[in-house]
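The values are calculated or read from the model by the stated rules, or taken from the named source; none is laboratory data. Since we're looking at a predicted model, the values are computed, not measured. Virtual Cβ from ideal backbone geometry, glycine too; neighbours counted across all protein chains shown.
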Amino acid sequence: MSNISMKDRYNQAISVLNQNIYQILIKVPNDIKDAIQEIRLRVNRPIMLYSNNKTYYINNDGSITEKESNVISSQKDIMECFKNICCYSVYSHQRELIEGYVTIKGGHRVGLCGTAVVNNGNITGIKDISSLNIRIAREIKGSANQIIDLLGYDEIIKGLLIIGAPSSGKTTILRDLSRQLSLNGKFKVVVVDERSEIGSVWSGINQNDNGLSDILDGYPKGQGIIQAIRVLSPDIIICDEVGTVSEISAIEEGLNAGVGIITTAHASTISDIKNRKQIQMLLSTGAFKNMAILKNRNKPCQIDRILTKEQLSDEINRSIFNYGFRSNAWSNGFKKT
């Protein structure tokens, strides 16, 4: 298992790009590399870097600026990068491409924009790639400490749903939970890692430190949960972004088998939680005793509050937080007994 710096993760993520773009991005100062979260390439548009909700452009010498630069990605650049990302085997990544992304070594995820190939109403592929979004995977040991301190291990294994906006640190916390829970000595932990982002397995080796967790890499979540229950006898199953009917059915089977489930869901406000069918379906399973509400992308991995299912229902019914999560809401949250 590796324990590499954010600078090295940045360098690893850009290594799949073509030489033209790589030679520019590698010049970015190391202190800037540490903070970069996303790199966006668009056909005939400037290369853009994102960090802590700020947008930057890059100059030929690797310096960054908030003013638009003339360093652009050509269509040829984008296609060369796309082929590199797929290791010149687009067919082997067909399942991922249908979902709109490819996961590369290190767990970095490349989002794709282009023209959908549709057959009988279903997306079967993508062509004419027009933009790429590289999300740099972050491993932050200790990012789950706040949840562990507030809840304790025995509460966490009763089921935990982590709710937050995109880039608020949900997957980063899952990684650290898998590490800390599995090293606790009391729990057998299985990670169902459909997108290879939690363990970032590459050629059978974890790129992230998941402690003593067993990793089912690339397994569709629903099938992976069932397989874990049948052959690995876990105490806890960890997976990311559950929401389909088959996945929720698998969670219910895990609950019936006495397995604790830890997973995530996208939501930025109480209104989101109330209106998103997937979250309501998850809550209806009874698999989650506690919900950890994250702050936002400006404060990644920070907990706004922790609520029991009953407390969350009360807040939804009162609708007093329909403008968004308040940072001073701890008094309404979970309290240890």
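Annotations for the structure displayed:
- Every pair of residues 6+ apart whose Cβ atoms lie under 7 Å, when the first sits in segment 165-188 and is over 15 Å from Ile148 (Cα atoms) and in the same structural domain as Cys301 (by TED's automatic domain parsing) while the second is assigned to a loop (DSSP other than H, G, I, E, B) and among the acidic types (Asp, Glu): Thr171/Glu197; Thr171/Asp240; Lys188/Asp235
- Residue satisfying all of: in segment 61-73; surrounded by 14 or more Cβ atoms within 10 Å (Cβ to Cβ) and hydroxyl-bearing (Ser, Thr, Tyr); nearest to Val110 (Cα to Cα) among these: Ser73
- Filtering segment 209-223 for residues that are small (Gly, Ala, Ser), buried (at least 22 other Cβ atoms within 10 Å of the Cβ) and in a loop (DSSP other than H, G, I, E, B) leaves a non-empty set.
- Flag if Ile226 is surrounded by fewer than 24 Cβ atoms within 10 Å (Cβ to Cβ) and within 16 Å of Thr244 (Cα to Cα): yes
- Residue match in segment 38-51 (condition: assigned to a helix (DSSP H, G or I) and either free of Cβ contacts under 8 Å to residues at least 60 places away in the same chain or of a type outside the set (Gly, Ala, Ser) (or both)): no
- Subset of segment 105-123 that is buried (at least 16 other Cβ atoms within 10 Å of the Cβ) and in contact with a helix residue (DSSP H, G or I) (Cβ under 6 Å, 6 or more places away or on another chain) - its residue that is farthest from Trp202 (Cα to Cα): Val110
- Only one of the numbered conditions (1) within 19 Å of the chain's Cα centre (by Cα); (2) farther than 26 Å from Glu99 by Cα is violated by Asn256, and that is (1).
- In segment 86-112, the residues that are touching a residue at least 12 places away in the same chain (Cβ under 8 Å) reach residues that are in a helix (DSSP H, G or I) and aromatic (Phe, Trp, Tyr) with C-beta atoms within less than 8 angstrom, at least six apart or across chains, in these pairs: Leu112/Phe82.
- Options Ile140, Ile134, Ile126; residue that is within 19 Å of Gln302 (Cβ to Cβ) and either assigned by TED's automatic domain parsing to the domain that holds Thr171 or surrounded by 14 or more Cβ atoms within 10 Å (Cβ to Cβ) (or both): Ile140
- At least 1 residues being over 22 Å from the mean Cα position of the chain (by Cα) is the threshold, and among the strands (runs of 3 or more DSSP E) wholly inside segment 69-183 those reaching it are 109-119, 122-135.
- Count of segment 88-104 residues which are touching a Gly at 6+ places or on another chain (Cβ under 8 Å) and either surrounded by fewer than 18 Cβ atoms within 10 Å (Cβ to Cβ) or under 14 Å from Ser131 (Cβ atoms) (or both): 4
- Among the residues of segment 246-279, those that are assigned to a helix (DSSP H, G or I) and modelled with pLDDT under 90 comprise Ile270, Ser271, Asp272, Ile273, Lys274, Asn275, Lys277, Gln278.
- Here Ser74 clears all of (1) small (Gly, Ala, Ser); (2) at pLDDT 95 or above; (3) under 15 Å from Leu112 (Cα atoms) except the condition numbered (3).
- Here Lys221, Lys277 are screened, and the one residue that is under 20 Å from Gly159 (Cβ atoms), among the basic types (Lys, Arg) and under 16 Å from the mean Cα position of the chain (by Cα) is Lys221.
- Just one residue in the set Ile24, Ile85, Ile58, Ile47 is within 28 Å of Gly199 (Cα to Cα) and either surrounded by fewer than 18 Cβ atoms within 10 Å (Cβ to Cβ) or assigned by TED's automatic domain parsing to the domain that holds Ile126 (or both); that residue is Ile85.
- Of residues in segment 260-280 being within 28 Å of Ser182 (Cα to Cα) and touching a helix residue (DSSP H, G or I) at 6+ places or on another chain (Cβ under 7 Å), the one surrounded by the most Cβ atoms within 10 Å (Cβ to Cβ): Ile262
- Checking each residue in segment 300-315 for being in contact (Cβ under 8 Å) with a residue 40 or more places away in the chain and surrounded by fewer than 17 Cβ atoms within 10 Å (Cβ to Cβ) picks out only Gln302.
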